[in-house]
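What follows is one structure encoded as structure tokens, with my remarks underneath.
The values are calculated or read from the model by the stated rules, or taken from the named source; none is laboratory data. Only a predicted model underlies this, so the values are computations on that prediction, with no experimental measurement involved. All Cβ positions, glycine included, derive from the backbone under ideal geometry; neighbour counts span all protein chains shown. When the accessible area is computed, the model is the full protein with side chains, heavy atoms only, and any ligands, DNA or RNA have been set aside. Shrake-Rupley method; radii C 1.70, N 1.55, O 1.52, S 1.80 Å.
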Amino acid sequence: MKEIKINSFEELQEYIFKDCFDDKVKRYRNDFVYRGVGDDTFALTSSLNRICSHNLELERSIMRSFKKYGYTDIKDINSNWQVLATGQHYGLPTRLLDWSYSPLVAAHFATEDYSLYDKDGAIYCFNLDEVDKQLPKELKDELEYSNTHVFSIKMMERHMKDFKDMKLISEDPYFLFYEPASGSDRMSNQYALFSVCSDTNYTLGDLMTKDNMESLYKIIIPKEIKLEIRDKLDYINISERMIYPGLDGVCRWITRRYANLGPQYNKKNSE
């Protein structure tokens, strides 16, 4: 996997928007999605695979408990895929991985946790053109017919109601991306979509390596510029207040904004 190391917020912007002008429509467009991580050693591994690696069969118990105890908030959601996305957004261990169409939202996730400011962060960048190559024909045809690389909830429901159906489509493991309905401001504001693997025994990183995905690369954010990027994102309204609407996000933003981070993490600018 190709890695690019940046040295400033401006360099991050320059690199992200480089070569993304579409001459056909005379506008800036690309087919990339982005995932930010606070530690560049974090792999493309779902929370389910991290937390329940000792027994991945616990996935069924997790979903059963979520539907039981979260019933009041999710009782009107009819799709398992939408329930799953909702749980993911609130911290439920699932086989999903969060991605965003916005590289700057990904930059927020790479820099929001200042307990990781002693480590380099990263933004994974993946070209959705590569998704089709490893999909079963049935699903590849669906995307081609719909002229997209990402499944909607309705498209998912047409082919699979749950994980069992997903695995029945092909014995070979595969992954896809899907967009939930905007069931919460969090999903809308984060410009969110998710990747999901058909087999929990494989991570997204495993499958991308297995299929030799050439359009996955990683932007490394050195620890020395994390605070700079974090502060500059605030001025374009990419912050906890937008990412997590409500009092939770407001309090997260206030806590970080008034924390004494400069002397510890911005030494190069105070010398």
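Identify the residue in the range 227-256 that is open to solvent by 70 Å² or more (accessible area, probe 1.4 Å) and polar (S, T, N, Q) and, among all such residues, is farthest from the chain's Cα centre (by Cα).
Across the range 227-256, the extreme among qualifying residues is T255.
For the range 29-41, check the following and say yes or no: at least one residue is open to solvent by 50 Å² or more (accessible area, probe 1.4 Å) and of a type in the set (A, V, I, L, M).
No, the range 29-41 contains no residue that is open to solvent by 50 Å² or more (accessible area, probe 1.4 Å) and of a type in the set (A, V, I, L, M).
Just one of (1) touching a strand residue (DSSP E or B) at 6+ places or on another chain (Cβ under 9 Å); (2) among the charged types (D, E, K, R); (3) under 30 Å from S115 (Cα atoms) trips up E224, so point out which.
With (1) touching a strand residue (DSSP E or B) at 6+ places or on another chain (Cβ under 9 Å); (2) among the charged types (D, E, K, R); (3) under 30 Å from S115 (Cα atoms) applied to E224, the lone miss is (1).
Scan the range 257-264 and give yes if some residue there is within 20 Å of S115 (Cβ to Cβ), surrounded by 16 or more Cβ atoms within 10 Å (Cβ to Cβ) and at pLDDT below 95, otherwise no.
Scanning the range 257-264 turns up at least one residue that is within 20 Å of S115 (Cβ to Cβ), surrounded by 16 or more Cβ atoms within 10 Å (Cβ to Cβ) and at pLDDT below 95.
Just to be sure before I move on: is A85 modelled with pLDDT of 95 or more and of a type in the set (G, A, S) in the structure I sent?
No, not satisfied.
Considering the range 158-181 alone, what residues qualify as being open to solvent by 60 Å² or more (accessible area, probe 1.4 Å), touching a residue at least 24 places away in the same chain (Cβ under 8 Å) and outside any loop (DSSP other than H, G, I, E, B)?
Result: K167, single match.
Go through the range 42-74 and report how many residues are open to solvent by 100 Å² or more (accessible area, probe 1.4 Å), farther than 30 Å from K119 by Cα and assigned to a loop (DSSP other than H, G, I, E, B).
Qualifying residue count, the range 42-74: 1.
Is it true that some residue in the range 203-211 is farther than 29 Å from N55 by Cβ, surrounded by fewer than 19 Cβ atoms within 10 Å (Cβ to Cβ) and either free of Cβ contacts under 8 Å to residues at least 24 places away in the same chain or of a type in the set (V, I, T) (or both)?
No, the conditions are met nowhere in the range 203-211.
Every residue in the range 119-136 that is open to solvent by 30 Å² or more (accessible area, probe 1.4 Å) and either of a type in the set (F, W, Y) or modelled with pLDDT of 95 or more (or both), please.
K119, D120
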